[in-house]
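Contents: one structure, followed by commentary.
Nothing in this text is a laboratory measurement; each read-out follows from the coordinates by a stated rule. Keep in mind that what you see is a predicted model, and the values were worked out from it rather than measured. Don't worry about glycine lacking a Cβ; one is built from the backbone with ideal geometry, like all the others, and counts go over all protein chains shown.
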Amino acid sequence: MAKASTSKTQAAKATKDTTTKKSSGSSIGAPAQHNQTSRKGKKAWRKNVDIEEVEKGLEEIRTEERVVGTALHKAKDSDLFQIDVKGDDSVRHYAPKFSSSQLTSAKILAQRSAVPAVVSRTTTSSSQKRKAGLSREEKDRLLKIAKRSRKGPFNSTADPAELESGASIVGLSEAVKQSGSYDAWTEEPEPEAIPDGLETVQKKKIRAPSTSKPRDNIEIPAVTRPHQGSSYNPPVEAHQELLLQASVLEAKKIADLARQAEVKLKMDSAKHDADEPYDITVPTGMKLDYPVEDAELSGEEEAAAPSTFKQPKMKTAAQKNKAARVLAEKRDLEDKKARKKLLASIEMAKTIRKTNAKLLTEREALRIEKHRQLQEKLRRAGLTGQKLGKHKVPVSQVEVQLGEDLSESLRGLKPEGNLFRDRFQSLQQRALVEPRNLVLPKRRKTRIVEYEKHAWKNFDREFNP
């Protein structure tokens, strides 16, 4: 027995070595499990047998039937082949000329299967006719006759007994039907005048506002390209140029602070006078004249005091007439000068008109140039430096490092600026966000208020007699 089993094992091993490994998938596309090493057990069932060659042959026969109409091995040779022993000279006369249908693409599209198509189930003419749907009015009429409940607004049910009294379905109003069709800026047609002899009052036309938005003219990109001098290893000229820009902005800030300090100093000096002591009982800016005692006056002051209050003397009639004549002569001279000036201006009317026209032209040109400069500034710099509301649009800061702070390498680079601040300033400069100042949260300061109760006011008197 041992010898027989040994020989069976050797035979099985030889068979295993001689068999070749088959493919696990079919080229046709059908699933297959053909890699079994043994034909025993469940794997030896018929569904696991490799029939790829059979499927390939059947697929070729199906292709022949689609193209020709039958299998080629069933057709006769006379149907498939024809031997032409004699040519036809007249072919070129009736042969078709070039046509787009002779193209290869047209031939491929013109190929149709010779096998007839599958016919779907037959349909009768009665089933093809659709029943006409009921209109809303017809449906309401039938429901009213049948006294069936109908749905009202907000999914409510209408009482069929009270349909006559207004409890029926509420339809859409005329305003809802015409919603969205009215335009406030369209010109309405003029009403026809009624020949009644009276004036027709026409409605005033409303014109569309022609205000321009500033952000339509701004062409600043959302993220501006940084200056070449802000690099970690910039060229010398670009770095010096950026340092000059930063120094100009810093000098302007220092000048503004100095001007504000000077204004504050003037305001403080106006409140108090350096020569007089400050009195809290007297209102600010008000000076009092203190009375001087009579004993302190000297003899000279006493003698000079009554002379300051002399009564004016009355003019005589001759003096009054003389003053009237002088005033009349003065008025006549002024009238003559005015008349002479007027006559001279009439003669120079053309010159004056030309001068005024030239002046107006220059002013108009200056105004147009100023407007153009403002538009150009708005296009390039946006709303930078302009005051909108309470606050002013901030100017972008110049981020630059000094020569000794340059790292000259990415490893030692120190970040400069704030991306969030730059982004917010860009939104303000492009008129997308109104200018605001930074508001820091303040800590609420609680103040302790002490109250003395009435019982404790007389504590010492009652307990310490």
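Quick notes on this one:
- Exposure proxy ranking, count of Cβ atoms within 10 Å, fewest first, for VAL395, VAL118, VAL176: VAL118, VAL176, VAL395
- In sequence order, the range 432-439 has phi-based couplings of 9, 9, 5, x, 9, 9, 5, 10 Hz under the Karplus curve 6.51 cos²θ - 1.76 cosθ + 1.60, θ = phi - 60°, and Gly or Pro positions carry x.
- Couplings for the range 400-408, taken from phi via the Karplus curve 6.51 cos²θ - 1.76 cosθ + 1.60 with θ = phi - 60°, read 9, 10, 6, x, 6, 8, 5, 8, 6 Hz in order; Gly and Pro are left as x.
- Rounded to whole Hz, the Karplus (6.51, -1.76, 1.60) HN-Hα couplings of the range 347-356, x for glycine and proline: 5, 9, 5, 5, 5, 5, 5, 5, 5, 5
- Counting other Cβ atoms within 10 Å as a rough exposure proxy, the listed residues TYR94, TYR232 run TYR94, TYR232 from fewest neighbours to most.
- Over 19 Å apart at the Cα level, from the set LYS213/LYS253; LYS253/LYS387; LYS271/LYS387; LYS252/LYS387; LYS86/LYS107, are LYS213/LYS253; LYS271/LYS387; LYS86/LYS107.
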